[in-house]
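The values are calculated or read from the model by the stated rules, or taken from the named source; none is laboratory data. None of these values were measured; they are calculated from a predicted model. All Cβ positions, even for glycine, are placed from backbone atoms using ideal geometry, and neighbour counts span all protein chains on display. Only protein heavy atoms, including side chains, enter the accessible area calculation; ligands, DNA and RNA are left aside. Shrake-Rupley method; radii C 1.70, N 1.55, O 1.52, S 1.80 Å.
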Amino acid sequence: MTNQLRGKSAIVGTGHAGFGEAHGLTAYDVMAQSALAALGDAGLKLPDVDGLFCTMMEDSMPALMAAEYLGIQPRFIDGTMLGGSSFVNYLTSATMALDAGLCDVALIVYGSNQRTASGRLVTASRPPAYEAPYNPRYPISAYAMAAARHMHEYGTTREQLADVAVAARAWARHNPEAFQRGPLTREDVLGARMVGDPLTVRDCCLVTDGGGAIVMVRADRAKDFPKAPVYVLGSAAQSSHRQISQMRDFTVTAARESGKRAFAAAGVSHGDIQAVELYDAFTINTILFLEDLGFCAKGEGGAFVEGGRVAPGGVLPVNTNGGGLSCVHPGMYGIFTVIEAARQIRGDAPGIQLNDIDLALAHGNGGVLSSQVTAILGSQNTL
Amino acid sequence: MPDATGPDQIFQRALANKEILLPKCNDCGAYHFFPRVLCPHCHGSAISWEPASGKGRVHTTTVVRQKPERGGDYNVCMVELEEGVRMMSRVEGIAPGDVIIDMAVTAFVGEAEGAPAVLFKPVEA
Ligand SMILES: [Zn+2]
């Protein structure tokens, strides 16, 4: 996104459904309930939607399936599949489509029933031909190898990784929407079952059901809705690979480039950001993205998160809903980074509501550290 | 089956003959992996095949933990070959948790999932 699109679109509704366990519901049921919740939040109805931005973990044409299920005939669809980062990426395409008049009401939506359907990650992907013979467990083996390399190069410790999970849980404990709200200590994380060295099961995101939805309109009519608008000030993407075996540097992600361009488009700097919502599929993600987005230098992410520094009361609020580690992780988490950032800015966050939030960052990750998309959202005061 | 012509076919056929071939770009001279019809570095499309030296180092590694009744723990790693390319593989002959980053390893053609595959063993001290 360039500066030309700064503040051209706004989020006027957010919604979610089926957090935790959505017994008896299909992924599309959860998707549709999420859409209704977001449209209700915006004071709109399904026939108002003429732009659909959607992908799912099932089917080869999920956006068409979603439109059909919802009973709408959108004149603009973006179903670009970049894994969990897709939903942050849709902020860019929705802004472009709205600004160009290709649609007037954009609905970004996702739903999954992976927990009650199978209890594990559902994926339509084929294992890559040059990796499959070695049976890596997806996606954890990929993130485990990134963590191992980061530990080797920078001395990052398992304790520091554990502290990411502990901080996420500390936020989640205050969030009634979060799936895991029990106490969690560093020792609990370190002593949990090892699933892919150096990561234990507590270094890994939850497997839950759930869906989320976002309604966007052009900025010129954003104040005509019940909730305070949240503007898209900048968004940018970069991809570096698809298969983990093709990642050039296991300690550096394309978030370096996506972050740099999102900050430039928004015209703000790191010190201005009051809340950071990152796709924390594994504890190493939070460390990598804080480094690559520029909140700390490369290699210092472990020290940056250590001892509650990103927990409530720390130096930087990170994943204020509890993240994918403790709040919700229905296969793809990306949309929830945007929803939590928007709610912090609106002042109706479900857990700890930070004071006077005008600027928040949402960062989506897709594939196996493959696709990185960063968005910076702001209140009316930031226009 | 006619002669192998596609990059994947050439690689797999060599493996079936216990040989590890690596694609190398005629234009920029760099190796790449996985095999493909163009060079991902300079995008030239004249590719030759060279026998791999088999010398490499573990770039990063993990252990997939699994209950013994389902086959037990096993190693998954990335090996950087002397030629400058990396491939996913596993190191055999030692415990999966004893595979460490920077360990010197040697390639051999073994079997994985019932098909010939590039595997590695620690270099004898
Ligand atoms: Zn070349």
- Task: Enter the mean number of other protein chain beta carbons within 10 Å of the beta carbon of each residue in A:140-153, as an integer.
- Result: 4
- Item | Solvent-accessible area of A:Phe19 with every protein chain in place, 1.4 Å probe, in Å² to the nearest 10 | 50
- Message: Projecting each Cα onto the charge dipole of region B:1-86 (Lys/Arg +1, Asp/Glu -1 at the beta carbon, about the Cα centre), which of B:Ala14, B:Gly56, B:Gln66 comes out farthest on the positive side?
- Response: B:Gln66
- Query: For chain B, what % of the accessible area comes from carbon and sulfur atoms, probe 1.4 Å?
  - Reply: 49
- Task: May I ask you to find the residues of region B:80-125 that are shielded by at least 10 Å² of accessible area once the whole protein assembly is considered instead of their isolated chain (probe 1.4 Å)?
- Result: B:Arg86, B:Met88, B:Ser89, B:Arg90, B:Ile101, B:Asp102, B:Ala112, B:Glu113, B:Ala117, B:Val118
- Are there trypsin sites (Lys or Arg not before Pro) in region A:246-286 that DSSP puts in a loop and that have at most 12 other Cβ atoms within 10 Å, and which ones? A:Arg248
- Cα gyration tensor, the protein assembly as shown - rounded (a/c under 1.5), prolate or oblate: prolate
- Surpassing 24 Å at the alpha-carbon level, of the pairs A:Lys8/A:Lys227; A:Lys45/A:Lys223; A:Lys223/A:Lys260; B:Lys18/B:Lys67; A:Lys260/B:Lys24; A:Lys298/B:Lys55, are A:Lys223/A:Lys260; B:Lys18/B:Lys67; A:Lys260/B:Lys24; A:Lys298/B:Lys55
- Message: Tell me the mean residue ellipticity at 222 nm calculated for chain A from its helices only (DSSP H runs of n ≥ 4, each -39500 (n - 2.57), averaged over every residue, nearest 500).
- Response: -9500 deg cm²/dmol
- Query: To the nearest 20 debye, what charge dipole does the protein assembly as shown have about its Cα centre, counting +1 at the Cβ of each Lys and Arg and -1 at the Cβ of each Asp and Glu?
  - Reply: 200
- Message: For region B:1-51, what does the accessible surface come to per residue with a 1.4 Å probe? Please give it in Å².
- Response: 57
- Query: Interface A/B, total buried accessible area with a 1.4 Å probe, nearest 100 Å²?
  - Reply: 2400
- Task: Diagonalise the Cα gyration tensor of chain B and give the resulting equivalent ellipsoid semi-axes, square root of 5 times each eigenvalue, largest first, whole Å.
- Result: 28, 17, 12
- Query: What does the accessible area per residue of chain A come to in Å², with a 1.4 Å probe and no ligands, DNA or RNA counted?
  - Reply: 34
- Leaving ligands, DNA and RNA out of it, work out the accessible area of A:Tyr69 with a 1.4 Å probe and give it in Å² to the nearest 10. 110
